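The values are calculated or read from the model by the stated rules, or taken from the named source; none is laboratory data. Note that this is a predicted model, so its numbers are computed, not measured. Reconstructed Cβ throughout: ideal geometry from the backbone, glycine too, with neighbour counts over all protein chains shown. Keep in mind that these areas ignore ligands, DNA and RNA; they rest on the heavy atoms of the full protein, side chains included. Shrake-Rupley method; radii C 1.70, N 1.55, O 1.52, S 1.80 Å.
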Amino acid sequence: MMPITTEPTILRGGEWLLQGSSADGVFTPERLTDEHRLIAQTAQEFVDNEVLPKLDQLEQKDWALARHLVKRGGDLGLLGVDVPEAYGGVGLDKVTSLVVSEKMARSASFGATFGAHANLTIVPIVLFGTEAQKQKYLPGLLSGEVLGAYGLSESGSGSDALGARTKATRQADGSFLLNGEKMWITNGGFADLFVIFAKVDGDQFTALLVERGWGVKSGKEEHKMGLHGSSTTALIFQDVKVPAENVLSEVGKGHKVAFNVLNFARFKLGAMCSGGAQAAIAESAKYAAARRQFGQPIASFGAIKHKIGEMVVRTYAIESLLYRTAGLVDARIAATPHEASDGSAALAAFEEYNVESSIAKVAGSEALNYVLDENIQIHGGNGYVRDYPAERHYRDARVNRIFEGTNEINRLLIPGMLIRRALKGDLPLIPAAKALQDELLGPPSMPSSDDGVLADERRAVDAFKKTALMIFGLAMQTYGQKLTDEQEVLMHLADITIDVFSAESAMLRAQAAVEAKAQRSALHTDAARVFVSDAGMRIEASARQALAAMVDGDTLRTMLAALRRLLKVTPVNTVAARRRLADAAVGQGGYPLA
Ligand SMILES: Cc1cc2nc3c(=O)[nH]c(=O)nc-3n(C[C@H](O)[C@H](O)[C@H](O)COP(=O)(O)OP(=O)(O)OC[C@H]3O[C@@H](n4cnc5c(N)ncnc54)[C@H](O)[C@@H]3O)c2cc1C
């Protein structure tokens with residue numbers, strides 16, 4: 001077995017791939033404090049009572065209402081969760097950001113409005129703003145009087161964000177003249193303040209704070225597949241004069257702003273997906289209990305139980321990895337000496353856990369897509385018509401795989417960032433891969449004698465990590481610098497890495513629940529067992545394909561034999577476990593592990 005380390009105090013970003021973790025130190029939803037629960041309840045009541053009843057009005061593009069709702073969020077302190085008290089925020093931890101995002105998600109359109117304002121406008125100012133910028137802009141943004149938006153994408157540069165063509169030309173007095181056009185900007189139709197990325201003097205990618213009053217024009221509302229209750233427009237700049245003091249961070253450092261803000265936003269997007277999935281499970285569970293066919297509720301059919309059970313399993317895994325990551329980020333911030341008003345510790349922490357943020361984004365958006373697709377299926381014809389919310393959720397969620405960096409870009413980033421750290425010597429991935437190679441060539445080792453809670457799953461996760469190391473090691477050895485050209489192999493590596501983190505997070509949370517004798521610990525173990533069991537099959541499929549792409553003949557046969565030896569995982573009765581999870585969801589009328 002790999003050595004076990006207690007977290008969240010010790011592990012650095014990506015280190016979980018190289019060692020085991022103890023369930024004691026992992027943050028889980030069961031470890032929320034009363035303060036966390038109180039703010040979650042505030043956010044939930046706000047969405048239930050003030051946002052959801054107004055969804056149709058928002059979908060009619062009533063932007064005065066959207067503004068009013070953001071202001072209400074400000075009154076309740078929900079806009080200032082990530083803002084230090086010194087600047088008028090509530091200065092709470094990242095677990096709080098996570099619970100608020102989860103609750104806001106139940107209205108996807110308003111969640112997008114809220115996210116563009118709070119996560120993509122307020123957060124960059126907190127992290128990168130000068131004292132004067134913070135004093136000038138944060139009070140209005142926090143009260144919701146001033147609405148924010150974030151303009152990075154252009155018609156010619158989406159994934160390739162640094163290829164932006166919007167220009168900021170320096171004037172003799174130090175100010176800039178902004179010219180160009182941004183595309184698909186959330187809150188674009190009504191925001192007052194924009195974080196805009198432009199090239200200064202031809203090639204210096206720079207973030208600027210731009211007020212609408214200086215001449216920013218909005219394009220028409222886009223006709224979107226979903227999120228009809230959120231504004232998405234182009235932004236047009238024609239000789240918009242931006243004062244010198246409105247550079248956010250420094251000229252030429254726009255990439256730092258953009259990428260760090262995205263690290264944070266991706267994590268929150270994962271949280272929103274988790275919240276959306278939990279809400280959809282409630283819809284499915286209630287519908288399946290009420291809808292009768294062949295003289296019985298459809299919830300009694302095994303095929304439906306499978307779907308609801310699997311919805312719970314996937315949601316459990318993303319929820320587990322999100323809370324674990326939030327715990328790591330908070331521990332890192334707490335361990336970094338800093339003034340409460342200083343955002344640099346949070347900035348460094350999100351940079352440290354950028355792999356985990358990308359995992360949260362990809363795993364969260366794909367789990368949500370699965371859940372919402374099955375939600376429609378469980379609703380049958382009613383899932384396809386507008387009388388039920390299932391079809392709206394399905395349309396609204398699709399964009400989660402596209403914005404905040406597409407899932408392809410995030411998949412490339414996951415192994416890419418791990419390998420970069422390994423090459424810099426920050427993550428001992430290369431020696432670990434070499435040690436594994438020796439282990440695999442040597443005589444078979446005795447299986448561990450661990451017979452504690454979820455011991456088989458712990459052994460399986462250990463094997464998943466070794467599989468990941470085997471593929472990482474071989475890929476680096478085979479392609480060297482050219483690995484970046486081998487996107488298919490990188491995608492397999494990303495999928496394996498995502499499953500390792502998800503499976504281990506679910507397993508550790510379930511173990512913690514059993515050890516704490518939590519009320520529903522049997523359901524926790526069911527969810528973790530099913531996830532680990534299926535992750536094993538996915539990991540094996542990815543690893544086989546990656547191996548066959550890299551080696552052939554006897555080498556391939558030897559490596560496949562090593563893979564089989566590693567992944568000798570006894571299957572569990574996932575049918576029975578999913579049935580129990582589905583019955584619990586239907587019995588409770590909602591996500592049973594909340
Ligand atoms: C509703 C909505 C709201 C949005 N809100 C905002 C906002 O508030 N602010 C903002 O700045 N932007 C926003 N966007 C834009 C969004 O961030 C971009 O659409 C996204 O980054 C993808 O860029 P693109 O559309 O140009 O796709 P492209 O970059 O053209 O990608 C097309 C396809 O090619 C793939 N691809 C691209 N490059 C690579 C590569 N190197 N390797 C492999 N595959 C690749 C992509 O993964 C994708 O599958 C929003 C978009 C939508 C739809």
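Brief remarks on what is shown
- Cβ-defined net charge surrounding Ile185, 14 Å radius [Lys, Arg +1; Asp, Glu -1]: -1
- Two-site label geometry, Val551 and Asp387: point separation in nm, points 7 Å out along Cα→Cβ: 6.0 nm
- Check: the range 396-535 dipole with +1 on Lys, Arg Cβ and -1 on Asp, Glu Cβ, in debye: 300 debye
- Percent carbon-and-sulfur accessible area, the range 267-424, ignoring ligands, DNA and RNA, probe 1.4 Å: 54 percent
- Carbon plus sulfur fraction of accessible area for the range 443-594, probe 1.4 Å, in percent: 52 percent
- Three-way shape call for the chain based on the alpha-carbon gyration tensor, with the a/c threshold at 1.5: oblate
- Rounded accessible area per residue of the chain, 1.4 Å, Å²: 40 Å²
- Heavy-atom accessible surface of the range 71-119: percent carbon and sulfur, 1.4 Å: 44 percent
- Across the chain, Cα pairs under 8 Å and at least six residues apart give a relative contact order of 16 percent.
- Theoretical FRET efficiency, 1/(1+(r/R0)^6), r = Cβ-Cβ of Ser449 and Leu65, R0 56 Å, to 0.05: 0.35
- In straight-distance terms, cross-link reach from Lys94 covers every one of the lysines whose alpha-carbon lies under 23 Å from its own, apart from those fewer than eight places away in the same chain; here that gives Lys71, Lys103, Lys134, Lys256, Lys268, Lys361.
- Spacing of the modelled spin labels on Asn573 and Ala335, each 7 Å from Cα toward Cβ, amounts to 4.2 nm.
- Computed from the C-alpha gyration tensor, the three semi-axes of the ellipsoid equivalent to the range 115-156 are 20, 13, 8 Å, from longest to shortest.
- From helices alone, the chain scores -18500 deg cm²/dmol at 222 nm; the rule is -39500 (n - 2.57) for each run of n ≥ 4 DSSP H residues, then divide by the residue total.
- Förster radius 25 Å - calculated FRET efficiency between Gln293 and His223, Cβ distance, rounded to 0.05: 0.10
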